[in-house]
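Trainee: Encoded as structure tokens, here's the structure I'll be asking about.
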Amino acid sequence: MSEATRSLNFIEHIIEDDLAAGFPKGGLRFRFPPEPNGYLHIGHASSICLNFGLGLRYQAPVNLRFDDTNPTKEEQEYVDAIKADVEWLGFRWDRECYASDYFGRLYQWAVDLIRLGKAYVDSQPSEEIARQKGTPTEPGTNSPFRARSVDENLLLFQEMKTGKHPEGTHVLRAKIDMASPNMLMRDPVMYRILHKAHHRTNTDWCIYPMYDWTHGESDYIEQISHSLCTLEFKPHRELYDWFLDQVAEAGKVRPKQREFARRNLSHTVVSKRKLLQLVNQGVVHGWDDPRMPTISGLRRRGCPPEAIRTFADTIGIAKRDNVVDVSLLEFHMREHLNKTAPRVMAVLDPVKVVVLNYPEGESEWVEAENNPEDPGAGFRKVPFSRELYIEREDFREEANRKYFRLKLGGEVRLKNAYIITAEHVVKDARGEIVEVHCTYDPKSLSGSGTEESLKKVKGTLHWVSVAHAMEAEVRLYDRLFSDPVPDQHKDRDFLEFVNPDSLQTVKAFLEPGLSEAKSGEQFQFQRLGYFCVDPDTTPAKLVFNRTVPLRDTWAKVEQQAE
RNA sequence: UGGCCCAUGGUGUAAUGGUAACACUACUGAUUUUGGUUCAGUCAUUCUAGGUUCGAGUCCUAGUGGGCCAACCA
């Protein structure tokens with residue numbers, strides 16, 4: 001879709017309206033404001049794509065700002081992981097900012113508010129303050145400390161800052177309206193005492209500002225024009241604006257908070273608590289397990305960052321509740337990988353084929369196209385010999401005409417090689433097929449141009465030469481949950497919906513050229529799916545992850561037959 | 001019981017008050033040395049009821065359904 005014809009989402013409409021009303025285009029500035037208290041997931045990716053996408057669209061800078069106001073939860077490790085994830089997604093931030101860089105400015109403004117009688121120190125326990133807050137349907141009541149004198153407030157606040165008081169003894173509150181229908185306007189807490197070292201400011205501060213007091217002012221300091229957040233922050237907007245009213249000066253950009261609905265992906269969970277549960281209970285092997293919806297999990301799975309970006313683009317942004325089907329993400333993975341991943345042959349569940357009339361002990365190297373979707377990808381050589389592996393499900397002793405694959409007395413094309421005919425099978429004591437004996441037509445070599453090579457054969461199979469094949473561990477991943485909305489069921493725990501077959505590990509046989517594959521490299525295993533080399537790979541052992549299978553219309557035909 | 005937000009195919013998103021569009025999924029068919037890709041096609045009385053208007057998915061009212069709000073979290 002071209003930029004010129006693409007329709008606008010509601011955020012872009014707001015920006016266009018602002019521009020039309022005279023806001024200078026050069027004043028546009030956005031930000032992505034993660035709290036460094038955990039790993040980024042697909043939901044964050046959507047927000048990242050929104051903000052950075054706007055930056056690209058309007059040629060405006062986008063800041064990466066860490067909302068680090070709570071030292072009890074935040075760590076440098078997460079800062080580093082978040083930066084790596086944003087970069088991996090392919091975005092460049094203008095400035096790397098930290099809310100903690102503004103602690104001094106925020107403190108000064110707070111002192112100003114106290115002087116103006118718009119903030120006071122409350123010395124009640126949190127339970128008492130909560131009780132006085134009222135409920136959504138009942139107004140709150142004023143704190144007995146609400147009328148404290150400016151001088152006493154100033155002194156107490158100063159003492160809170162320098163660590164004279166233990167945690168929980170005092171807080172600084174904005175003096176707004178305890179009867180407001182908006183609970184957030186009932187004298188919200190601006191600062192609490194925390195005797196904790198901060199990952200950046202260390203022990204400089206004994207008081208830390210709350211989100212509402214920090215976020216809007218940080219936007220203002222950075223001169224963010226449009227501050228986008230999820231819908232649950234809608235009620236915060238009134239407070240955001242109130243705080244801005246206290247500090248904003250004429251002539252400067254006044255940030256605007258706007259809310260959009262978070263994007264929900266089907267067949268997964270995204271809450272930190274639930275993700276942690278999956279890790280701790282061993283349902284998955286870690287935060288970067290390829291089944292996890294974390295950015296690091298998606299990366300390890302082999303999901304291309306381009307796929308996440310085009311995915312985010314197509315799902316758009318709006319204000320209603322939504323559950324985006326994971327199949328749309330899979331579509332974007334395939335779409336990108338189809339154009340970029342070299343094709344290769346691998347057999348995951350082998351049965352041996354013996355080509356009876358092919359000379360014993362001999363082999364030849366046949367030519368194979370690396371990617372029919374990319375003429376520049378070139379060709380490679382693949383070894384062919386008398387004994388081959390094909391997929392067990394590609395052979396049946398008998399089958400109807402809808403089955404295009406190999407059956408007794410039937411012909412099939414071996415991709416890039418010869419046409420073979422199945423003559424008979426060899427079974428073991430249990431009746432399991434161990435070998436399929438075939439004959440081949442020596443004149444039917446692919447690409448040789450002979451009449452035999454041009455023969456139309458319904459089925460084409462991938463294969464691998466037994467003598468040349470290399471073994472690898474292949475991890476076949478499927479959806480982690482069998483239910484589209486595992487955590488949306490009342491009375492059912494989300495863990496009940498864990499798919500027991502989300503990981504299947506098999507020993508596979510690959511064409512020998514794959515021996516040099518490096519961690520992260522991606523391939524299409526022909527007729528099977530897209531796979532990438534897992535970082536668990538060692539010189540002695542190759543490990544692949546299945547990113548996503550190919551679309552499989554045959555599987556559907558079979559399913560319907562049942 | 002209060003306040004605020006939302007409602008368009010199975011899913012997600014569009015549509016200056018003027019022919020309901022795009023993508024995915026599903027299903028048909030064509031092409032194909034990947035049952036992949038590609039191509040063509042099929043799938044909606046815009047939650048309900050009133051109102052304003054020549055004309056309403058869009059504006060107004062009410063109802064229905066869903067979501068959010070009572071951390072010294074963000």
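Trainee: Under the condition of being part of a helix (DSSP H, G or I) and among the polar types (S, T, N, Q), which residue from the stretch A:177-231 is surrounded by the fewest Cβ atoms within 10 Å (Cβ to Cβ)?
Mentor: Applying the first criterion (part of a helix (DSSP H, G or I)) to the stretch A:177-231 yields A:183-185, A:211-221, A:231.
Subset that is among the polar types (S, T, N, Q): A:214, A:218.
Values: A:Thr214: 24, A:Ser218: 28.
The qualifying residue surrounded by the fewest Cβ atoms within 10 Å (Cβ to Cβ) is A:Thr214.
Trainee: If you go through the stretch A:66-100, how many residues are touching a residue at least 40 places away in the same chain (Cβ under 8 Å) and within 14 Å of RNA strand B (Cβ to nearest atom)?
Mentor: 15
Trainee: Could you list, in sequence order, all residues of the stretch A:72-130 that are among the hydroxyl-bearing types (Ser, Thr, Tyr), outside any helix (DSSP H, G or I), surrounded by 14 or more Cβ atoms within 10 Å (Cβ to Cβ) and outside the structural domain of A:Asn202 (by TED's automatic domain parsing)?
Mentor: A:Tyr98
Trainee: Hey, A:Gly376 hits all of (1) part of a helix (DSSP H, G or I); (2) within 26 Å of A:Lys507 (Cβ to Cβ) but one; which does it fall short on?
Mentor: (2)
Trainee: If you don't mind, there's one more thing I want to ask. Given the options A:Thr314, A:Thr310, name the one that is touching a Leu at 6+ places or on another chain (Cβ under 8 Å), surrounded by fewer than 22 Cβ atoms within 10 Å (Cβ to Cβ) and part of a helix (DSSP H, G or I).
Mentor: A:Thr314
Trainee: Right, next: Just wondering, is there one or more residues in the stretch A:482-496 that are surrounded by 11 or more Cβ atoms within 10 Å (Cβ to Cβ), touching a residue at least 60 places away in the same chain (Cβ under 8 Å) and closer than 30 Å to A:Leu388 by Cα?
Mentor: no
Trainee: Sort through A:Leu154, A:Leu172 and tell me the only one that's under 27 Å from A:Tyr240 (Cβ atoms), away from RNA strand B (no atom under 12 Å from the Cβ) and not charged (D, E, K, R).
Mentor: Selected residue: A:Leu154, the only one of A:Leu154, A:Leu172 that is under 27 Å from A:Tyr240 (Cβ atoms), away from RNA strand B (no atom under 12 Å from the Cβ) and not charged (D, E, K, R).
Trainee: Would you pick out the residues in the stretch A:515-528 that are closer than 22 Å to A:Glu367 by Cα and in contact with an Asp or Glu (Cβ under 9 Å, 6 or more places away or on another chain)?
Mentor: Once the filter is applied, which keeps residues that are closer than 22 Å to A:Glu367 by Cα and in contact with an Asp or Glu (Cβ under 9 Å, 6 or more places away or on another chain), the stretch A:515-528 yields A:Arg527, A:Leu528.
Trainee: Confirm whether A:Ser7 is hydroxyl-bearing (Ser, Thr, Tyr), touching a residue at least 40 places away in the same chain (Cβ under 8 Å) and closer than 18 Å to A:Thr310 by Cβ. I'd like the intermediate steps shown before the answer.
Mentor: Working: hydroxyl-bearing (Ser, Thr, Tyr): yes; touching a residue at least 40 places away in the same chain (Cβ under 8 Å): no; closer than 18 Å to A:Thr310 by Cβ: yes.
Considered against the rule, which asks whether it is hydroxyl-bearing (Ser, Thr, Tyr), touching a residue at least 40 places away in the same chain (Cβ under 8 Å) and closer than 18 Å to A:Thr310 by Cβ, A:Ser7 comes out as no.
Trainee: Further question on the same structure: Let me confirm something: among A:Ala517, A:Ala540, which residue is touching a residue at least 24 places away in the same chain (Cβ under 8 Å), closer than 29 Å to A:Ala368 by Cα and either aliphatic (A, V, I, L, M) or not assigned by TED's automatic domain parsing to the domain that holds A:Asp374 (or both)?
Mentor: Criteria check complete, one pass: A:Ala517.
Trainee: Could you tell me which of the residues A:Asp491, A:Asp394, A:Asp487 is of a type in the set (D, E, K, R), touching a strand residue (DSSP E or B) at 6+ places or on another chain (Cβ under 6 Å) and within 14 Å of RNA strand B (Cβ to nearest atom)?
Mentor: Values: A:Asp491 fails: touching a strand residue (DSSP E or B) at 6+ places or on another chain (Cβ under 6 Å); A:Asp487 fails: touching a strand residue (DSSP E or B) at 6+ places or on another chain (Cβ under 6 Å).
Within the list A:Asp491, A:Asp394, A:Asp487, the selection yields A:Asp394.
Trainee: While we're here: Hey, does the stretch A:518-533 have a residue that's under 24 Å from A:Gln281 (Cβ atoms) and away from RNA strand B (no atom under 16 Å from the Cβ)?
Mentor: Scanning the stretch A:518-533, I find no residue that is under 24 Å from A:Gln281 (Cβ atoms) and away from RNA strand B (no atom under 16 Å from the Cβ), so the answer is no.
Trainee: Oh, and also: Do you know which residues across the stretch A:194-246 are in contact with a Gly (Cβ under 7 Å, 6 or more places away or on another chain) and assigned by TED's automatic domain parsing to the domain that holds A:Ile129? Step through it out loud before you land on a result.
Mentor: To start, the set of residues in the stretch A:194-246 that are in contact with a Gly (Cβ under 7 Å, 6 or more places away or on another chain) comprises A:195, A:206, A:225, A:240, A:243-244.
Once the filter is applied, which keeps residues that are in contact with a Gly (Cβ under 7 Å, 6 or more places away or on another chain) and assigned by TED's automatic domain parsing to the domain that holds A:Ile129, the stretch A:194-246 yields A:His195, A:Cys206.
Trainee: Can you list residue pairs whose Cβ atoms sit under 8 Å apart, with the first residue in the stretch A:29-48 being part of a strand (DSSP E or B) and the second being within 12 Å of RNA strand B (Cβ to nearest atom) and of a type in the set (Ser, Thr, Tyr)? Count only pairs 6 or more apart in sequence or on different chains.
Mentor: A:Phe32/A:Ser47
Trainee: Answer yes or no as to whether A:Ala130 is touching a helix residue (DSSP H, G or I) at 6+ places or on another chain (Cβ under 9 Å) and either aliphatic (A, V, I, L, M) or closer than 20 Å to A:Arg186 by Cα (or both). Explain how you work it out, then say what you get.
Mentor: Values: touching a helix residue (DSSP H, G or I) at 6+ places or on another chain (Cβ under 9 Å): no; either aliphatic (A, V, I, L, M) or closer than 20 Å to A:Arg186 by Cα (or both): yes.
Taking the combined requirement at face value, the residue does not satisfy it.
Trainee: Also, I was wondering about something else. Could you tell me how many of the residues in the stretch A:404-424 are assigned to a strand (DSSP E or B) and of a type in the set (Ser, Thr, Tyr)?
Mentor: Adding up the residues that qualify gives 1.
Trainee: Of everything in the stretch A:425-464, what is away from RNA strand B (no atom under 12 Å from the Cβ) and in a strand (DSSP E or B)? Give them in sequence order. So that I can check it myself, show each step before the final result.
Mentor: Going through the stretch A:425-464, the residues away from RNA strand B (no atom under 12 Å from the Cβ) turn out to be A:425-440, A:442, A:464.
Answer for the stretch A:425-464, where residues must be away from RNA strand B (no atom under 12 Å from the Cβ) and in a strand (DSSP E or B): A:Val425, A:Val426, A:Lys427, A:Ile433, A:Val434, A:Glu435, A:Val436, A:His437, A:Cys438, A:Thr439, A:Tyr440, A:Val464.
Trainee: Take the conditions within 10 Å of RNA strand B (Cβ to nearest atom) and in contact with a Leu (Cβ under 8 Å, 6 or more places away or on another chain) and apply them to A:Pro255. Does it pass?
Mentor: No: the conditions fail for A:Pro255.
Trainee: Okay, next question. Give the residue that is farthest from A:Met190 (Cα to Cα), with candidates limited to residues of the stretch A:137-161 that are in contact with a Gly (Cβ under 9 Å, 6 or more places away or on another chain) and surrounded by fewer than 18 Cβ atoms within 10 Å (Cβ to Cβ).
Mentor: Per the criteria, the residue is A:Thr141.
The values are calculated or read from the model by the stated rules, or taken from the named source; none is laboratory data. The structure displayed is predicted, hence computed values, not measured ones. FYI the Cβ positions are ideal-geometry reconstructions off the backbone, even for glycines, and counts take in every protein chain you see.
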